[in-house]
1. Once all Cα-Cα distances of segment 69-111 are split into 5 Å bins that start at 0, what whole-number percent is in each one?
2. For segment 1-61, what is the convex hull volume of the alpha-carbon atoms per residue, in Å³?
3. On a full-extension model of 0.36 nm per residue, what is the gain between Lys31 and Cys288, subtracting their alpha-carbon distance, rounded to one decimal in nm?
4. Of all the Cα-Cα pairs you can form in segment 76-199, what percent are over 21 Å apart?
5. So what's the net charge close to Gln10: Lys and Arg +1, Asp and Glu -1, counting the other residues with Cβ under 15 Å from its Cβ?
6. Go through 85-97, 156-168, 236-248 and give me the packing order, highest mean Cβ count within 10 Å leading.
7. Please report the antiparallel percentage of the DSSP beta bridges confined to the chain, to the nearest 5.
8. If packing is taken as the mean number of other Cβ atoms within 10 Å per residue, what is the order of 223-233, 47-57, highest first?
Amino acid sequence: MKAIVYDGIQKVDCREVKDPKIEKDDDIIVKVTSTAICGSDLHLVHGLVKGMYDGYVLGHETMGIVEEVGKDVKNIKKGDRVIIPFPVACGHCFFCEHQEYSQCDNTNKYGEAGGLLGYSKSYGDYAGGQAEYIRVPHANVGPKVIPEELKDEQVLFLTDILPTSLWGTEIANVKKGDTVVVLGCGPVGLLTIKWCMLKEASRVIAVDRVGYRLQHAKSYGAEILNFEEYDETGAYIKEMTHGGADCVIDCVGVDGKMSVMEKVETALKLQGGSKSAIEIASQAVRKCRSHCTCRSIWNKIQQLSTRQHVHQKHHPKNGTMPSHKICRTNIRNDKKRRN
Ligand SMILES: NC(=O)c1ccc[n+]([C@@H]2O[C@H](COP(=O)([O-])OP(=O)(O)OC[C@H]3O[C@@H](n4cnc5c(N)ncnc54)[C@H](O)[C@@H]3O)[C@@H](O)[C@H]2O)c1
Ligand SMILES: [Zn+2]
Ligand SMILES: [Zn+2]
């Protein structure tokens, strides 16, 4: 089959690779009908995640038609159309039982975090879904069958960015009447803004430097701010919000804008990417309130001031989104709405 593979830092290739096959009795093989590129794929391609090797198949936002099922797969059959949440979860360890599926203890023999599809050897070495076919392990836990009447583009984003953005607003504890700062207006940031509006935040301030992304944010009702126009964006936000925002949600990650020094340090592996958004967040958030990061990886970060976190009781929160539970709720709600 053909697949998109990592081919060294800053390089990807479309190449012939081996077809996946059933390896365990609860695996399924899915013929991919739609797949997407996530901001997190940039971290892999830019060399910010350990455990990448030439020929590794990328992609973790994927759906398709079930082609083959292992003999222990219960609720999925050949021909079903499924979405595939990106964490690989066993369904019965401590973390799965607490619905923290992305932290599954049994799916990544190479590290502490749970396994992720298409996210390098350090997250379990599972081939990704930017391919004609994908093997999905633990198919009784992850994939969800999609009603026929929903088109791929109506459900594909449930595999990652839609639940990720909702989860960001949940761990940041966005409530009615809050002032929320959303850093980064890529797909995750823009969806986060939409969730904030649904949760009736009274003021949403969207920050980026890319004009068309800021314009999208504006069309959703956010105030917009180009961080390149300010020396101290965080301090400016604190001023314009009279003491800081109730919640700051970082939808930027390690691929954010980097200073020259950060670029050098990152190349020398002394630092793992950008800390620009964390710096803005820690200045922009009101005392005793939370800032959270949707970033999927936290690498080594030099010279990060933790003064605000300690003295002003900020509560930073972060992690990899446990998409199984959020996907399920969204499909259920969508079905209810349509009925
Ligand atoms: N935790 C999870 O489970 C999870 C899941 C999906 C995505 N993510 C992460 O969410 C982040 C956003 O994903 P995306 O697909 O929207 O990425 P993206 O790269 O498309 O968007 C990031 C945006 O941030 C902007 N930006 C750069 N530096 C900034 C700064 N200092 N302040 C404000 N904006 C800045 C960029 O211009 C860009 O528009 C990524 O880091 C991704 O890895 C995490
Ligand atoms: Zn992703
Ligand atoms: Zn588990």
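1. So the P(r) values, bin by bin, are 5, 21, 20, 21, 19, 11, 2.
2. Residue-normalised Cα hull volume stands at 104 Å³.
3. Numbers: separation 257, 0.36 × 257 = 92.52 nm, distance 4.82 nm.
Gain on extension, Lys31 to Cys288, equals 87.7 nm.
4. On the way: 3802 of 7626 pairs.
That tail contains 50 percent of the Cα-Cα pairs.
5. Numbers: positive: Lys11, Lys263; negative: Asp7, Asp13, Asp41, Asp54, Asp255.
For residues surrounding Gln10, the net value is -3.
6. Numbers: 85-97: 20.8, 156-168: 24.2, 236-248: 19.2.
Final packing ranking: 156-168, 85-97, 236-248.
7. Working: 27 of 50 bridges.
Roughly 55 percent of the beta bridges in the chain run antiparallel, per DSSP.
8. Values: 223-233: 14.7, 47-57: 16.9.
So the order, starting with the most tightly packed, is 47-57, 223-233.
No lab work stands behind these numbers, since they all come straight from the coordinates. In this text the structure is predicted, and so the values were computed from the model without any measurement. Please note: Cβ atoms are built from the backbone with ideal geometry, for glycine as well, and neighbour counts cover all protein chains shown.
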